[in-house]
Amino acid sequence: MATGRHRNTSSTRAVLASPLGVTALLVGLIVLASIAVPLGARYLGCGETHYLRVSASLSIAPVVQQAAAEFNKGDREYSGDCVSAQAAETPPHLAMTGLSGGAAARSTTTPDVWVPESSAWVELARISETGAQTIETSPRSLASSPVVLAAPKGAKGVPGQGDAGWDLVLPGERSPDRPLVMVDPNRGADGMATMFAARRELGTGDKADAAMTEFVRDVQLDSAFGEIQPEAVYSDAGASAPLTVLPEQAVWDYNNNGDPPTPLEALYPKEGTVELDYPFVSTSDDPRMRAAADDLYDILSGPAYREELRELGFREPDGTASGVVEDGEGIVAEPPKAGDDLTGDALLASVEDWNRLSMPSRALVLADVSGEMSDDLDGGDQTRMEVAVDAAQLGLSLFPDKTDLGLWTLSSELSPVGRKEVEDLGRLDRTADAPDQTRRERLQRIAGDITVEGGKSRLYDNILAAYEEMQDDYDEDKINSVILLTAGRDGGSSDISGGELVAELQDRFDPDRPVTMFIIAFGAQPDRGTLTDAAAATSGTLYVTDDPDEIGDIFLSSISRRLCVPNCDE
């Protein structure tokens, strides 16, 4: 299994952060029109004036805002009070947080009407007690658009529109190699669908979890934090232009409402895909707001606004392609196969997997430099120390810049407590003591210079000391762990026994603030049972190897344990 690869993705990441250009300007102008309160509203004899707050996803927001402006042209009175509509583009995750009773609920962004891209967001919002009480259970779809894969027309190595599958999103499945651009699953249903599809392709079990870890590592740097703008991603549609996962509507709009240098082709996964249904959701328990929402829906569902949606590249609510969409370049008019197994629970699991695997790490590395590390590995021409150094160097290359890493070396020759605290915890991309050197570069140099010091490891004492250190310095925004590279032998050098170590770790492990122990032991392990129990006490694991080529897979497997912490079983 590959453990990662190098590529130039700076241009892709830069354009994903770029302004939305003409679309943003158009949306902004319509917002001004839709939130303007009619000048005479306060003088119509109304008891009070209330505001129907409407939140819509970016792609459909212009039409919703036009409808809100039309709503405001009428004399809208409900139970003696006037209502004026205020429509704005709001990312679905922010609206969902507010509707679920999160921090956004205390702000004015919590909507009375919500038009997200997918009913999946509605299901997720209704998981909370607050959402279950206020969000209607049968939202009405305004339009639809399937989630597709997209690549420049004629891109080398990309299957035809009827032959593509979700396996294309996996590392090593795109030849020639090209980045995959997807929305962060926390920000878009198309990103959730991609995670779900990757998991379905890979299956379950330890090997599948390690492959899932590699998938997240492969796409994380290129993930977008909002709806993907093809004109930004494909500003240079060269040989290594990305494969994207996005709504079909975005492909249609890019091809037909501009002059792209190379049109995109929508690829419809043969296993089935997710249909974004753009639901119109009433979220207020106020009867006046509910009635006003119904009137706004009547406007939006009228012929004029249905045609507006078609002109933007949306399908009908039932998935049928209008003549406008059917004639669009790069589009297949026949509705694609639907993947009906993508439930709210499945989506939530996909988001949780992404968040666990993409969360930055905070790890204290313990490197055993005792006399036992000078022994040759069975059947090889390298010592344990040489393989451990290679493992440390590989680990440093795998961890992303936001990782906090520290290093202790272990030997009774180093100090009375049997260790040297070489490097405190700190981010790998931060400058170390030398102004022209990052912490990663410093640690790479230090790791390359590590040699056997002799003596005993005082392994059990130092494992416990490191564990206490990480618990005291716990960071709730990161995955906290202790990583041990060792010959695996304490030899009675510690003040505590192996059994006492296991009991201490079992007592100290806190599932609400988990610090996990990952042990990589080299060569034969007479004390394997103790190390296995010590790792398991923290929802971690022991890896034993005498094959240097296994180190990459071991690191990926250790990272994949995040998916089960704090309830991992051996």
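Among the residues of segment 500-532, how many are within 17 Å of residue 487 (Cβ to Cβ) and assigned to a helix (DSSP H, G or I)? Summing the residues that are within 17 Å of residue 487 (Cβ to Cβ) and assigned to a helix (DSSP H, G or I) in segment 500-532 gives 6. Examine segment 547-566 for a residue that is open to solvent by 10 Å² or more (accessible area, probe 1.4 Å), modelled with pLDDT of 75 or more and within 25 Å of residue 494 (Cα to Cα), and state whether such a residue exists. No, that holds for no residue. The set of residues in segment 446-489 being surrounded by 22 or more Cβ atoms within 10 Å (Cβ to Cβ), touching a strand residue (DSSP E or B) at 6+ places or on another chain (Cβ under 6 Å) and in a loop (DSSP other than H, G, I, E, B) consists of 457, 487, 488. Which residue is surrounded by the fewest Cβ atoms within 10 Å (Cβ to Cβ), if the candidates are limited to segment 490-518 and must be without any contact (Cβ under 8 Å) to a residue 40 or more places away in the chain and hydrophobic (A, V, I, L, M, F, W, C)? Checking each candidate, the answer is 503.
Considering segment 58-80, and only residues there that are open to solvent by 60 Å² or more (accessible area, probe 1.4 Å) and either of a type in the set (Ser, Thr, Tyr) or more than 43 Å from the chain's Cα centre (by Cα) (or both), the residue that is modelled with the lowest pLDDT turns out to be 75.
When 396, 407 are checked against the criterion of being at pLDDT below 90, open to solvent by less than 60 Å² (accessible area, probe 1.4 Å) and within 33 Å of the chain's Cα centre (by Cα), a single residue qualifies: 396.
So, in segment 61-96, how many residues would count as being assigned to a loop (DSSP other than H, G, I, E, B) and either of a type outside the set (Ser, Thr, Tyr) or closer than 24 Å to residue 190 by Cα (or both)? So the answer is 6.
Say whether the condition of being modelled with pLDDT of 95 or more and either surrounded by 21 or more Cβ atoms within 10 Å (Cβ to Cβ) or not assigned by the TED database to the domain that holds residue 517 (or both) is met by at least one residue in segment 417-434. Scanning segment 417-434, I find at least one residue that is modelled with pLDDT of 95 or more and either surrounded by 21 or more Cβ atoms within 10 Å (Cβ to Cβ) or not assigned by the TED database to the domain that holds residue 517 (or both), so the answer is yes.
Conditions (1) in a helix (DSSP H, G or I); (2) closer than 30 Å to residue 560 by Cα, marked per residue:
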| site | (1), (2) |
| --- | --- |
| 200 | yes, yes |
| 207 | yes, yes |
| 212 | yes, yes |
| 255 | yes, no |
| 280 | no, no |
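Checked against (1) at pLDDT 95 or above; (2) crowded, with 23+ Cβ neighbours inside 10 Å, residue 317 passes all but condition (2). One residue stands out among those in segment 151-178 that are touching an Asp or Glu at 6+ places or on another chain (Cβ under 7 Å) and among the small types (Gly, Ala, Ser): the one that is surrounded by the most Cβ atoms within 10 Å (Cβ to Cβ), which is 151. Restricting segment 519-546 to residues that are closer than 23 Å to residue 399 by Cβ and open to solvent by 20 Å² or more (accessible area, probe 1.4 Å) leaves a set whose member that is farthest from the chain's Cα centre (by Cα) is 544. For the condition at pLDDT 90 or above, surrounded by 16 or more Cβ atoms within 10 Å (Cβ to Cβ) and touching a strand residue (DSSP E or B) at 6+ places or on another chain (Cβ under 7 Å), residue 34 does not qualify. For the structure I just gave you, tell me whether residue 28 is more than 25 Å from residue 127 (Cα to Cα), outside the structural domain of residue 292 (by the TED database) and either part of a loop (DSSP other than H, G, I, E, B) or at pLDDT 85 or above (or both). Taking the combined requirement at face value, the residue does not satisfy it.
Here residue 261 does not qualify as crowded, with 18+ Cβ neighbours inside 10 Å and assigned to a loop (DSSP other than H, G, I, E, B). Looking at residue 151, is it in a helix (DSSP H, G or I) and in the same structural domain as residue 255 (by the TED database)? When the stated conditions are applied, residue 151 does not pass them. Among the numbered conditions (1) farther than 21 Å from residue 319 by Cα; (2) outside any loop (DSSP other than H, G, I, E, B), the only one that residue 235 does not meet is (2). Only one of the listed residues (346, 363) is within 24 Å of the chain's Cα centre (by Cα) and either under 24 Å from residue 550 (Cβ atoms) or assigned to a strand (DSSP E or B) (or both). That residue is 363. Among the listed residues 302, 272, identify the single one that is open to solvent by less than 20 Å² (accessible area, probe 1.4 Å) and either under 26 Å from the mean Cα position of the chain (by Cα) or of a type in the set (Val, Ile, Thr) (or both). 272 is the lone residue from the list that is open to solvent by less than 20 Å² (accessible area, probe 1.4 Å) and either under 26 Å from the mean Cα position of the chain (by Cα) or of a type in the set (Val, Ile, Thr) (or both).
The values are calculated or read from the model by the stated rules, or taken from the named source; none is laboratory data. Here the structure is a predicted model, which means the values were calculated and not measured. Note: ideal-geometry Cβ built from the backbone for every residue, glycine included; neighbour counts use all protein chains shown. Note: areas computed on protein heavy atoms with side chains; ligands, DNA, RNA excluded. Shrake-Rupley method; radii C 1.70, N 1.55, O 1.52, S 1.80 Å.
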